[in-house]
Protein chains: 2
Amino acid sequence: MTSRDAIGQRSETVRRANLSAIVRELHLHGPQSRSELVLRTGLTRSAIRGLIGELVAADLVAEERSAPAGTPGRPSPLVRPRSEEAVVLALETNVDSLAVAIVGLGGAIHRLDRADRPRAHVDATEVVADLLALARPALDEVRRSEALVGIGVAVAGIVRRSDGVVRHAPNLGWRDVPLGDMLADALALDAPLWVANEADLGGLAENRRGAAVDVEDVVYVMGEVGVGGNVTIGGAPLVGGAGYAAEVGHMVVNPDGQACACGSRGCWETEIGERAILLRAGRDFEGGREAMRELVEAAARGEEAARAALEEVATWLGIGLATLVNVFNPSLVVLGGVFERIHPLVGATVERVLTERSLPASREQLRVVPGRLGEDAPILGAAELAFEELLSDPAARIRPRELAVAGG
Amino acid sequence: MTSRDAIGQRSETVRRANLSAIVRELHLHGPQSRSELVLRTGLTRSAIRGLIGELVAADLVAEERSAPAGTPGRPSPLVRPRSEEAVVLALETNVDSLAVAIVGLGGAIHRLDRADRPRAHVDATEVVADLLALARPALDEVRRSEALVGIGVAVAGIVRRSDGVVRHAPNLGWRDVPLGDMLADALALDAPLWVANEADLGGLAENRRGAAVDVEDVVYVMGEVGVGGNVTIGGAPLVGGAGYAAEVGHMVVNPDGQACACGSRGCWETEIGERAILLRAGRDFEGGREAMRELVEAAARGEEAARAALEEVATWLGIGLATLVNVFNPSLVVLGGVFERIHPLVGATVERVLTERSLPASREQLRVVPGRLGEDAPILGAAELAFEELLSDPAARIRPRELAVAGG
DNA sequence: AAATATTTGGGCACGAGGAGCACAAATCCC
DNA sequence: GGGATTTGTGCTCCTCGTGCCCAAATATTT
């Protein structure tokens with residue numbers, strides 16, 4: 001019941017919500033004039049003025065003369081999110097690569113370092129150490145500026161949102177690894193840290209910065225070593241009771257199919273995961289990313305076996321998507337990871353199967369598109385996750401400063 | 001993006017939200033003392049007093065002496081939703097029955113009339129006429145009291161929420177029937193009318209009044225002639241872009257399975273729908289409700305063929321549920337309709353299959369229970385749907401009255 | 001070049017609405 | 001019956017958005 005802890009509202013709540021709306025708007029849609037913000041929020045000029053004033057005082061935004069618009073009237077100053085004054089640190093632990101990024105308010109990518117990693121079941125302590133080494137320059141930068149507002153971590157596994165424990169990451173060989181605590185200790189930064197699944201975050205990134213911007217209801221499916229996904233409902237990501245939602249890779253699509261590492265059989269992942277794709281093409285199923293790249297290239301060249309394998313994959317992709325479309329009635333399906341790369345080759349097949357298998361009503365407004373962010377989707381999503389606290393309550397960052405001033 | 005039309009908040013918004021929280025709390029959890037409301041909302045006594053005063057003036061709630069509590073301190077008056085002063089009309093159009101109910105604020109069922117209907121593809125105009133005839137006594141009652149705040153309609157078909165058009169109801173033989181407009185015209189009542197799918201509403205009812213009260217994340221699956229469902233996420237029902245979400249009956253669970261009326265094949269409905277169940281048991285698959293009742297009784301008596309058939313159904317039920325559990329990570333699965341009735345016989349099998357097929361993390365906190373509302377779930381959900389407008393903005397009902405007073 | 005129209009920012013009084021405090025009322029316990 | 005406890009009542013205060021007037025800055029017209 002929403003009302004259950006729908007704690008009573010007070011005047012302060014209104015302020016918080018309005019500040020949040022403005023910062024979020026600027027973060028997601030870029031610099032805007034004050035008068036545009038008046039239109040978007042429906043607030044009065046007076047109210048906007050006060051709110052912007054508060055945000056300027058907190059160094060979250062800056063006002064500057066806007067370019068001449070060619071229209072009569074006093075020009076409205078441009079309000080710009082201060083990308084240097086509020087930044088997040090984003091980390092990614094994938095099966096075959098590590099990455100570190102610093103992203104500023106408004107979405108500017110200040111730096112992004114990626115390092116390949118041999119594919120193997122690796123001890124979590126080693127991974128944390130490797131990540132820390134890769135992150136050193138970024139950490140120096142972050143420590144100098146004092147602008148850090150949050151840390152986001154993307155990991156290829158099932159993550160308990162509440163405490164950042166990786167419950168199970170078959171492709172890393174992890175089980176119940178307290179990655180959140182380990183990284184928080186190792187980084188020793190004074191900022192909240194959140195961990196989430198890479199596919200969840202990939203979907204978040206596509207929704208904020210990629211192919212699904214401003215779309216309210218989205219299904220995102222990403223193929224890497226495993227198959228993961230994310231669902232956006234009314235603009236908000238589906239999280240589930242404990243944060244494990246949208247594990248679409250383990251939907252049962254073929255009850256008599258192959259055994260899956262999860263213990264079930266015929267999971268979507270056993271039909272369209274990386275191993276399954278390589279197997280269908282008669283290639284080394286442990287060939288990893290390189291083998292996949294060659295397969296896609298071969299198919300693009302028109303090589304028959306490769307094309308046929310991808311067609312089969314597309315069929316199973318369509319079947320699983322039909323289930324998701326009937327369950328979520330989204331207006332957009334975004335394909336990420338491997339599926340993003342093979343979309344030009346097999347998009348038509350996916351859509352055909354989807355049309356055969358989903359309810360006419362459910363697919364009425366539906367489009368299927370490839371993602372736009374490529375391999376960076378998860379880490380950009382981790383950045384967005386880290387910004388979430390600031391976006392939903394910018395006032396929390398403002399008050400302490402005021403106190404500090406009052407105290408000094 | 002939630003923020004997109006997150007129109008700015010104003011002081012009035014706070015009042016609205018607080019009134020809504022109180023009325024919703026009373027509607028869902030029954031009469032409570034003022035001081036309990038203070039605890040629940042976190043508002044001050046002063047604020048609660050003002051809010052309750054407004055609701056009393058609007059006749060939505062009444063205050064009365066509470067029973068002696070045995071504790072020291074001045075007794076806090078009991079605040080009670082006025083079940084007679086705010087009522088909704090609920091209607092149901094099922095494949096083999098029609099029903100009409102009047103439900104009061106707080107959930108009291110003032111009357112409930114149900115009439116069986118021969119199973120046949122029936123013209124929508126006839127159904128509306130039959131429903132109107134059945135509703136006559138209820139309509140008289142509603143017209144006398146002037147307390148009607150909304151009308152809710154449950155229908156066994158896919159419904160566009162925005163305008164109440166039944167896009168497709170295979171078991172009624174309807175396609176693009178403007179049921180909302182037809183009923184609004186026929187009833188000629190001065191209250192908003194909403195139409196929704198019966199399974200969606202069954203889930204809503206179980207969440208508000210039945211087996212899933214106060215559970216935030218719930219998957220509800222209902223078997224009638226077709227198979228439908230509803231998903232509650234964070235306390236709010238999943239609706240989808242156009243309102244067609246949670247069409248779980250057409251998840252693809254068996255890609256090589258039987259053709260389904262929807263045009264796909266191997267839909268969940270073709271494995272666990274009424275026809276499929278009767279076929280598995282070697283009975284007349286057009287025997288309808290009566291045949292189902294006999295089958296369940298036979299299985300309860302221990303008749304082998306019947307038991308075996310239900311076991312098969314339970315297996316497929318578990319397979320489909322595994323997909324839903326992996327996708328939604330709910331804390332509760334509620335089985336409604338036929339599945340509610342067979343739960344005592346096959347619940348163990350369902351849970352076994354579910355355990356085999358779903359991710360350990362996803363099913364950690366999971367329980368599977370039968371519904372508690374039986375065949376009345378959909379119409380009770382229709383009542384809840386009709387109350388929604390009042391609950392989310394009680395002030396809208398208050399203001400006009402004040403105006404009327406001011407004008408007179 | 002000057003006057004006018006248009007749009008927007010700034011200042012300030014107002015109103016809505018919850019918080020907080022002092023006090024009174026109603027109950028239980030000794 | 002007196003004290004402790006809890007809660008309702010009346011009142012002022014604080015927060016925050018609204019609304020109005022005026023000034024500032026730009027485009028257009030004369």
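Every read-out reported here was derived from the displayed coordinates using simple, explicitly stated rules and does not represent laboratory data. Not measured: the values here are computed from a predicted model. Cβ sites come from the backbone with ideal geometry, for glycine too, and all protein chains shown count toward neighbours.
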For the stretch B:112-171, shape from the Cα gyration tensor axes a ≥ b ≥ c, cut at a/c of 1.5 then a/b versus b/c, turns out oblate
Size of electric dipole in the stretch B:296-408: Cβ of Lys, Arg +1 and of Asp, Glu -1, about Cα centre, debye, nearest 20 = 260 debye
For B:Thr44 and A:Ser392, what is the calculated FRET efficiency with R₀ set at 30 Å and r taken between the beta-carbons, to the nearest 0.05?
-> 0.75
Normalised contact order of chain A, rounded percent, pairs of Cα under 8 Å and 6 or more residues apart | 16 percent
Convex hull projection area averaged over all views, the protein assembly as shown, Cα basis, nm² | 40.3 nm²
Mean separation of Cα contacts under 8 Å, 6 or more apart, over the residue count of the stretch B:179-312: relative contact order % | 13 percent
Quick one: work out Rg over Rh on the C-alpha atoms of the stretch B:303-356, Rh as Kirkwood radius.
-> 0.98
Length-normalised contact order of the stretch A:255-325 in % [C-alpha pairs under 8 Å, at least 6 apart] | 23 percent
Mind checking which helices in chain A clear 24 Å along their axis (Cα) and have mean Kyte-Doolittle hydropathy of -1.0 or more, DSSP H runs only?
-> A:11-29, A:124-145, A:304-328
Global geometry of the stretch A:7-135, whether rounded, prolate or oblate, following the gyration tensor of its Cα atoms and the 1.5 cut on a/c = prolate
List, largest first, the extents of the alpha carbons of the stretch A:94-215 along their principal axes, each in whole Å.
-> 37, 36, 29
Cα gyration tensor shape of the stretch B:224-270, rounded if a/c is under 1.5, else prolate or oblate by comparing a/b with b/c = prolate
Dipole magnitude of the stretch A:129-263, debye to nearest 20 (Cβ charges: Lys/Arg +1, Asp/Glu -1, about Cα centre) | 140 debye
Rg and Dmax of chain A, Cα atoms only, in Å = 22.7, 73
At a Förster radius of 41 Å, what calculated FRET efficiency corresponds to the Cβ-Cβ distance of B:Val213 and B:Asp116, to the nearest 0.05?
-> 0.85
Rounded to whole Å, sorted largest first: equivalent-ellipsoid semi-axes of the stretch A:6-63, Cα gyration tensor = 19, 12, 12
What whole number of Å gives the distance from the Cα centroid of the stretch B:330-383 to the Cα centroid of the stretch A:123-169?
-> 39 Å
About the Cα centre, charge dipole magnitude for the stretch A:15-159 (Lys/Arg +1, Asp/Glu -1 at Cβ), debye | 840 debye
Identify the GluC sites (Glu not before Pro) of the stretch B:302-408 meeting these criteria: DSSP loop state and at most 15 other C-beta atoms within 10 Å of the C-beta.
-> B:Glu303, B:Glu364
So what is the 222 nm mean residue ellipticity for chain B from helices alone, if each DSSP H run of at least 4 adds -39500 (n - 2.57) and you divide by all residues, rounding to the nearest 500 deg cm²/dmol?
-> -14500 deg cm²/dmol
With the charge dipole of the stretch B:339-389 built from beta-carbon charges (+1 for Lys and Arg, -1 for Asp and Glu) about the Cα centre, the Cα from B:Ala386, B:Val346, B:Gly374 projecting farthest to the positive end belongs to B:Val346
Per residue, how much space in cubic angstrom lies within the convex hull of the C-alpha atoms of the stretch B:81-138?
-> 70 Å³
For the stretch B:247-302, with the dipole built from +1 on Lys and Arg beta-carbon atoms and -1 on Asp and Glu ones, taken about the Cα centre, which of B:Ala259, B:Thr270, B:Ala300 lies farthest toward the positive end?
-> B:Ala300
Gap separating the Cα centres of the stretch B:214-283 and the stretch A:50-117, nearest whole Å | 45 Å
Rounded to the nearest 0.05, what FRET efficiency is calculated for A:Glu126 and A:Ala62 with R0 set to 35 Å and r the Cβ-Cβ distance?
-> 0.25
Among the trypsin sites (Lys or Arg not before Pro) in the stretch A:42-107, which ones are in a DSSP loop with at most 10 other Cβ atoms within 10 Å of the Cβ? Mind listing them?
-> A:Arg65
